[in-house]
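In what follows, a structure is listed as structure tokens, so that the remarks can point back to it.
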Amino acid sequence: AEIAGVALRSRARAVALSLVYPKDDPNLPAELETLRRFLPTEIQIIAGGRASASYASALDKIHAIRSHGLEQLFELLEDLRNPSPLN
């Protein structure tokens, strides 16, 4: 709820999460669902980090964009900031 509140107050277009440790937190899928419920659909959730693959089904369920490294993250953020006319 706190992350969503800050994203809403700052008019963010995305919330980026780095999922690093642990790979097996039983509470994280529910926390991700809560985050998605608090955010409007136009705010994208982007997730990366070495543990993110372990939460793939939870990330898919909340329609998160999965980033596979900083270069891809920067490209995703740039696309959100400056969408092409085709999007």
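The values are calculated or read from the model by the stated rules, or taken from the named source; none is laboratory data. The structure displayed is predicted, hence computed values, not measured ones. Cβ coordinates were reconstructed from backbone atoms using ideal geometry, including for glycine residues, and neighbour counts include every protein chain displayed. What goes into the accessible areas is simple: the full protein's heavy atoms, side chains included, and nothing from ligands, DNA or RNA. Shrake-Rupley method; radii C 1.70, N 1.55, O 1.52, S 1.80 Å.
Closer than 15 Å to A1 by Cα, outside any helix (DSSP H, G or I), out of contact with any Phe, Trp or Tyr (no Cβ under 9 Å at 6 or more places or on another chain) and open to solvent by less than 90 Å² (accessible area, probe 1.4 Å), is that true of P40?
Yes: the conditions hold for P40.
Scan the stretch 71-87 for residues that are in contact (Cβ under 8 Å) with a residue 12 or more places away in the chain and open to solvent by 90 Å² or more (accessible area, probe 1.4 Å) and jot them down.
Within the stretch 71-87, R81 is the sole residue that qualifies.
Checking R36 against (1) at pLDDT below 95; (2) under 20 Å from L8 (Cα atoms); (3) among the basic types (K, R), only one condition comes out false. Which one?
Single failed check for R36: (1).
Just a yes or no: is a residue in the stretch 27-36 in contact (Cβ under 8 Å) with a residue 12 or more places away in the chain and among the small types (G, A, S)?
For the stretch 27-36, residues in contact (Cβ under 8 Å) with a residue 12 or more places away in the chain and among the small types (G, A, S): absent.
Do you know which residues across the stretch 56-87 are in contact with a Ser or Thr (Cβ under 7 Å, 6 or more places away or on another chain) and assigned to a strand (DSSP E or B)?
R66
Working only within the stretch 1-27, note down all residues that are surrounded by 18 or more Cβ atoms within 10 Å (Cβ to Cβ) and more than 20 Å from R81 (Cα to Cα).
L19
For the stretch 43-55, name all the residues that are in a helix (DSSP H, G or I) and open to solvent by less than 60 Å² (accessible area, probe 1.4 Å).
Listed by number, the residues that qualify are S52, Y55.
I'm trying to understand the selection: among the residues of the stretch 56-70, which are out of contact with any helix residue (DSSP H, G or I) (no Cβ under 6 Å at 6 or more places or on another chain), surrounded by 10 or more Cβ atoms within 10 Å (Cβ to Cβ) and at pLDDT 95 or above?
Scanning the stretch 56-70 gives A56, L59, D60, K61, H63, A64.
For the list (1) farther than 14 Å from I3 by Cβ; (2) open to solvent by 100 Å² or more (accessible area, probe 1.4 Å), I need the number of the one condition that E31 fails.
Only one criterion in (1) farther than 14 Å from I3 by Cβ; (2) open to solvent by 100 Å² or more (accessible area, probe 1.4 Å) is unmet by E31, namely (1).
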